[in-house]
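This report refers to the structure that appears directly beneath it.
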Amino acid sequence: MAAATTVIAGIGLAVTAGTTAASFAQAAKQRKLMEQANIDAEKAMAEARKKIDVNYFDQLPIQKEPYELQREALLSSGAQAIEAARETERGGGAAAGRVQMAQNEAQAGIRTAQGEELSDLAKLRTTEDSRLRDIEVQLDLEEVAGAQQAASDAQRAAAQATQAGFAGLTSLGSQAVDMAPLYGQDLGAQQQSLSGMQFSPEEFAKFESLGKTPRTDGFSSLDFEQVGGMSKSQYKEFLKTLSPAQKQMLFTNPQYLQAMSTINPFAI
């Protein structure tokens, strides 16, 4: 019965450990999403600014051809009028003067029209510059607002996931404490579960650093296969050498909990 209780407690601890790990993973995922969203927003804004940096009215030239045609027509008609006046041989000088005066007035009118068109184009360019500037300011404001909102949402989600993770750690520690009385029970199941475990060099170093007399020489006296082959009395003596932190590291390890959950308590 004690073995069954240990197994049930171990399963609960494993579930809590998995949930806690998932919470921290979700927090990390939210932070990555926030970073990617900011990168995507910056790219989109850069593309948008490239398009509004061009004032297409700057490329719009004044249409000179109509004015040139008017000048040519005036010169042609004036020459014809002067020639006709000379052919009459009467009043030719006065006629030429009047034609020249009319041409001067017409040329002045053409220059005035060109000036007005240039002025209109300048107004269009200025108006378009102002409009594009307003758009860019609006994009800046939207970029700031969007980035702040995205950052806030991701930060909130990450904080919630982190909070859930720490809550899981608290629960995990509580369950580990609750399981402490069971450490002295089901010794056979414990040995069997420990015997199949593996530690990385970093984990062995951490295990030794948590001991009652911490080792710093880089070696470890922990041998999982050897633990599995101990007699009950030897295993009890082994447990006495462990500090509480070492026990927690061993008996809350996912490998140990997984192994305990698969053991048939009635076969021990």
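Residues that are under 17 Å from GLY196 (Cα atoms) and among the hydrophobic types (A, V, I, L, M, F, W, C) within region 217-237 comprise LEU222, PHE224, VAL227, MET230, listed in sequence order. Screening VAL137 on (1) under 30 Å from ALA44 (Cα atoms); (2) of a type in the set (A, V, I, L, M); (3) at pLDDT 75 or above shows it passes everything except condition (3). Mind counting the residues in region 240-260 that are crowded, with 17+ Cβ neighbours inside 10 Å, under 15 Å from GLY211 (Cβ atoms) and free of Cβ contacts under 8 Å to residues at least 60 places away in the same chain? Within region 240-260, residues that are crowded, with 17+ Cβ neighbours inside 10 Å, under 15 Å from GLY211 (Cβ atoms) and free of Cβ contacts under 8 Å to residues at least 60 places away in the same chain number 4. Answer with yes or no whether THR88 is at pLDDT 70 or above and of a type in the set (Ser, Thr, Tyr). No, not satisfied.
Yes/no per residue for (1) under 22 Å from the mean Cα position of the chain (by Cα); (2) assigned by TED's automatic domain parsing to the domain that holds ILE39; (3) at pLDDT below 70; (4) not basic (Lys, Arg):
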position	(1), (2), (3), (4)
LEU132	no, yes, no, yes
GLU143	yes, yes, no, yes
GLN149	yes, yes, no, yes
ALA154	yes, yes, no, yes
ALA161	yes, yes, no, yes
ALA164	no, yes, no, yes
ALA167	no, yes, no, yes
SER195	no, no, no, yes
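The values are calculated or read from the model by the stated rules, or taken from the named source; none is laboratory data. Computed from a predicted model, the values in this text were never measured in an experiment. Methodologically, a virtual Cβ is constructed for each residue, glycine included, from the backbone with ideal geometry; neighbour enumeration extends over all protein chains shown.
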